[in-house]
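Novice: The structure that follows is given in the form of structure tokens.
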Amino acid sequence: MEVLKSKKVLQDFIERQKEMGKKIGFAPTMGALHDGHLSLYKMAKEENDLVVSSIFVNPTQFNNPDDLKKYPRDINRDISILEKSGLVDAVYIPEVTDIYPEKTESRNYDFGGLENEMEGKSRPGHFDGVGTVVEELFNQVKPDNAYFGEKDFQQLAIIKKMTENKKLLINIKGVPVYRAENGLALSSRNQRLQEDRREASKVIFETLKKVNDWFRVVTIPEIKARVQDIFDQQRGMQLEYFLIADEETLRETDFFYKDRNFRAFIVVMVDGVRLIDNMHLD
Ligand code: PAF
């Protein structure tokens, strides 16, 4: 596996691959790699000639400086996971100046209102930071296909929107949420949970499955009350939000309309760690 540590080295590498007519699949990450990331690479490997990943903890998407400071970083561990996986041909590890040559700040984007829902309300400026880094990485890596986890469903929708608005010739692919055996969605943040809290957090997935059973049977306000009840009974957990939204507009709904797709979204604080999950309702 090639380890590309600057924009110049990356660009030379990409140029060579393009000359050989290789189809490039790209999965950007912020490191702290886990099996969820490997599921992105697996899909990328099946669909492309070459898989490129990146590891860059993007400062502009953290609205909370403490979160940025605490973000787990262990580049040697990550490189060894990538090597062992045999799924990735090259990893790009840029310097901050490779992504932000002048000021380390975000551009402002119009994501058609998607940015104002859910995470956009709780984390102001977050999606401008994501848009900025992903657009820059796309310009540098020039992938044919790019892979993002459905765990961050709103991020995936926003990146699709940006790609469409900027008329980039990149297919954006969503990869289903990858779960631990107990159902907890894998996330780099899970590392910050004690083992017993990780086990207790399976209640998040169990709740989403119950919501799916109640879908179109119970009213949405009643579903919300039941979910609140479940989390009121959990020690050390606070429900930050639970809502059901239209899958395309991401707008919260209080009614199930015919011929629309809906998804349940949930954020729970477990011992100060913010866990996020979602499920398509069918
Ligand atoms: O999902 C992530 O890990 C990040 O938001 C991304 C897409 C790598 C941009 O920094």
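The values are calculated or read from the model by the stated rules, or taken from the named source; none is laboratory data. Since the model is a prediction, treat every value here as computed from it, not as a measurement. Methodologically, a virtual Cβ is constructed for each residue, glycine included, from the backbone with ideal geometry; neighbour enumeration extends over all protein chains shown. The protein model used for the area step is the full one, side chains on, heavy atoms only, and it has no ligands, DNA or RNA in it. Shrake-Rupley method; radii C 1.70, N 1.55, O 1.52, S 1.80 Å.
Novice: Taking into account only those residues within the stretch 97-149 that are in a helix (DSSP H, G or I), of a type outside the set (D, E, K, R) and more than 29 Å from MET43 (Cα to Cα), which is farthest from the ligand (Cβ to nearest atom)? Walk me through it before giving the result.
Specialist: Restricting attention to the stretch 97-149, the residues satisfying the condition of being in a helix (DSSP H, G or I) are 97-99, 114-116, 118-122, 126-141.
Next, from what is left, pick out any that are of a type outside the set (D, E, K, R): 97, 99, 114, 116, 118, 120, 122, 126-127, 129-134, 137-141.
Now drop any that are not more than 29 Å from MET43 (Cα to Cα), which leaves 97, 116, 122.
Details: THR97: 16, ASN116: 18, SER122: 15 Å.
Only one residue tops the list, namely ASN116.
Novice: So which of LYS84, LYS103, LYS23 is of a type outside the set (A, V, I, L, M, F, W, C), touching an Asp or Glu at 6+ places or on another chain (Cβ under 6 Å) and either modelled with pLDDT of 95 or more or surrounded by fewer than 17 Cβ atoms within 10 Å (Cβ to Cβ) (or both)? Break it down stepwise before answering.
Specialist: Details: LYS84 fails: touching an Asp or Glu at 6+ places or on another chain (Cβ under 6 Å); LYS103 fails: touching an Asp or Glu at 6+ places or on another chain (Cβ under 6 Å).
Going through LYS84, LYS103, LYS23 in turn, the sole match is LYS23.
Novice: Are there any pairs with C-beta distances below 6 angstrom linking a residue in the stretch 120-149 that is under 19 Å from VAL96 (Cα atoms) to a residue that is within 9 Å of the ligand (Cβ to nearest atom) and among the hydrophobic types (A, V, I, L, M, F, W, C), with the two at least 6 apart or on different chains, and if so which?
Specialist: VAL134/ILE159
Novice: What are the residues in the stretch 107-145 that are small (Gly, Ala, Ser) and either open to solvent by 40 Å² or more (accessible area, probe 1.4 Å) or closer than 14 Å to ALA157 by Cα (or both), if any? Steps first, answer last, please.
Specialist: Kept after step one, since they are small (Gly, Ala, Ser), are these residues of the stretch 107-145: 112-113, 120, 122, 125, 129, 131.
Those that are small (Gly, Ala, Ser) and either open to solvent by 40 Å² or more (accessible area, probe 1.4 Å) or closer than 14 Å to ALA157 by Cα (or both): GLY112, GLY113, GLY120, SER122, GLY125, GLY131.
Novice: Identify, please: which residue in the stretch 153-176 is out of contact with any strand residue (DSSP E or B) (no Cβ under 7 Å at 6 or more places or on another chain), of a type outside the set (Lys, Arg) and in a helix (DSSP H, G or I) and is, among those, most open to solvent (accessible area, probe 1.4 Å)?
Specialist: Going through the stretch 153-176, the residues out of contact with any strand residue (DSSP E or B) (no Cβ under 7 Å at 6 or more places or on another chain) turn out to be 154, 157-158, 161-162, 164-169, 176.
If we keep only those that are of a type outside the set (Lys, Arg) too, we end up with 154, 157-158, 162, 164-165, 168-169, 176.
Applying the additional criterion that residues be in a helix (DSSP H, G or I) yields 154, 157-158, 162, 164-165.
On the way: GLN154: 10, ALA157: 19, ILE158: 1, MET162: 4, GLU164: 119, ASN165: 84 Å².
Among those that are out of contact with any strand residue (DSSP E or B) (no Cβ under 7 Å at 6 or more places or on another chain), of a type outside the set (Lys, Arg) and in a helix (DSSP H, G or I), it is GLU164.
Novice: Also: Among the helices (runs of 4 or more DSSP H) confined wholly to the stretch 1-86, which include 3 or more residues that are polar (S, T, N, Q)? Before the answer, list the steps.
Specialist: Working: elements: 7-19, 35-47, 65-70, 75-85.
Once the helices (runs of 4 or more DSSP H) in the stretch 1-86 are filtered for at least 3 residues that are polar (S, T, N, Q), what remains is 75-85.
Novice: Sticking with this structure for a sec: Against the definition (out of contact with any Cys (no Cβ under 6 Å at 6 or more places or on another chain), surrounded by fewer than 19 Cβ atoms within 10 Å (Cβ to Cβ) and within 24 Å of GLN11 (Cα to Cα)), how does PRO72 come out, yes or no?
Specialist: Working: out of contact with any Cys (no Cβ under 6 Å at 6 or more places or on another chain): yes; surrounded by fewer than 19 Cβ atoms within 10 Å (Cβ to Cβ): yes; within 24 Å of GLN11 (Cα to Cα): no.
No; evaluated as a whole, the condition is false for this residue.
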